[in-house]
Amino acid sequence: MPPRKAPTARQRRLGSELRKLREHAGLSLVEAATLLSTDRTSISNTESGRFGVSAQRVRTWASHYGCPDAAYVDALAAMAEERGKGWWEDYRNDLSAGVLDLAELEHHAVSLRAVQIMHMPGLLQTEDYARAVFEEAVPPVSPMLLRRRLSHRLRRRDVLDTHNPPVCTFLIHEAALRLRFGDRKVALAQLRYLADQSERDNVTVRIIPFSAGGFTNAGSSTLYVGGPVPQLDTVQTDSPNGSAFLDAETRLANYRAALDRIEDRSLDPGRSRDFILETARQL
């Protein structure tokens, strides 16, 4: 396969999982190249995501590496079989790679579990609310870029309406409910939209009230993306400099524990919905 100029986060993830298979087998690049009758450069480029790989080759490598986890190998092979461009590629020339990688991550997710402190979750934002958030950018974005960002944000929401949508849990701090982006009309519509979306079968919204007190990672929002097998889970975090994607086993375990703790302190879905509607009445 020809080399890629800029592999996506998902393509790099497949490569890194192949590297883990090799390392768990205790093989160096030279030893793996000998075992697989190839050269170390080809393996290195594949593990970096720069070269694509077929599903059959994934299975062959996994077999030679002695991987016993059939479900994991099947999931890697399915990743290798993905062909064509996703809808997010339409925005490649306008938006950052991290934003596009997030949309791809959501598209393939089996489950989503998010903690939002100061903003509504992107998948649950109205158009007017999203516009008000983007208009706070420094430096200000051009009208064209604003339209592209809005278009991309709204298309991300479609993942909730797919044939087999991810099971989503959104833990939203009371601060996000009360921090107003846009005027009262925009804020009120957003809260009502949030309450409506919480009625979806695949969406659970739980509010973290101020009365819950402090909790771990209180200063940042976090998205935990469940893959088809636990080894392919991913954590996405936001910062002023963009998105970070984490998949080290220890970090995944720590974020799962943190999310469990936060969820324990949040209101149950029914009380959360009442809390959202009561906040709307107070506007």
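Laboratory data are not the source of any read-out in this text; all were calculated from the coordinates shown. Everything numeric here is computed off the predicted structure, so don't read it as measured data. Reconstructed Cβ throughout: ideal geometry from the backbone, glycine too, with neighbour counts over all protein chains shown.
Maximal additional length on extending the Asn164-Lys5 stretch stands at 54.1 nm, based on 0.36 nm per residue less the C-alpha distance.
Of the trypsin sites (Lys or Arg not before Pro) in segment 46-91, the ones in a loop by DSSP (not H, G, I, E or B) with at most 11 other beta carbons within 10 Å are Arg83, Lys85.
Counting neighbouring beta carbons within 10 Å and listing from fewest to most, the residues Ser37, Ser54 come out as Ser37, Ser54. How tilted is helix 97-108 with respect to the longest principal axis of the chain? Cα atoms for both, answer in degrees (0 to 90, nearest 10). For 97-108 against the chain, the angle is about 90 degrees. Loop-resident GluC sites (Glu not before Pro) (DSSP state other than H, G, I, E or B) in segment 163-259 with no more than 16 further Cβ atoms inside 10 Å of their Cβ: Glu199. Helical runs (DSSP H, four residues minimum) scored at -39500 (n - 2.57) apiece and divided by the length of the chain put the mean residue ellipticity at 222 nm at -15000 deg cm²/dmol. Each DSSP beta bridge with both residues in segment 152-275 is either parallel or antiparallel, and the antiparallel ones are about 60%. Its Cα centre serving as origin, the chain has a Cβ charge dipole (Lys and Arg +1, Asp and Glu -1) of approximately 560 debye. A full extension of the chain between His107 and Asp260 corresponds to an added length of 52.7 nm, given 0.36 nm per residue minus the alpha carbon distance. Residues in segment 123-164 near a label at Asn202, defined as backbone nitrogen under 11 Å from the 7 Å Cα→Cβ point? 158-164, by backbone N distance to the label point. Across segment 45-151, the mean sequence separation of Cα contacts (distance under 8 Å, 6 or more residues apart), normalised by length, yields a relative contact order of 19 percent.
Ordering Gly219, Leu188, Ile208 by Cα displacement along the dipole of segment 176-226 toward the positive end leaves Leu188 in first place; charges were set at the Cβ atoms of Lys, Arg (+1) and Asp, Glu (-1).
Nearest 10 degrees is fine. How inclined is helix 55-65 to the longest principal axis of the chain, computing both from alpha carbons? The answer is roughly 70 degrees. Distance between the 7 Å Cα→Cβ label points at Ser37 and Ala212: 5.7 nm. In summary, the lysines within cross-link reach of Lys20, defined as a Cα separation below 24 angstrom excluding same-chain residues under 8 places away, comprise Lys5. Two decimals is fine: what is log10 I(q)/I(0) at q = 0.09, 0.13 Å⁻¹ for the chain, from a Debye sum with one equal scatterer on every Cα and no solvent? For the requested q values the scattering log ratios are -0.49, -0.93.
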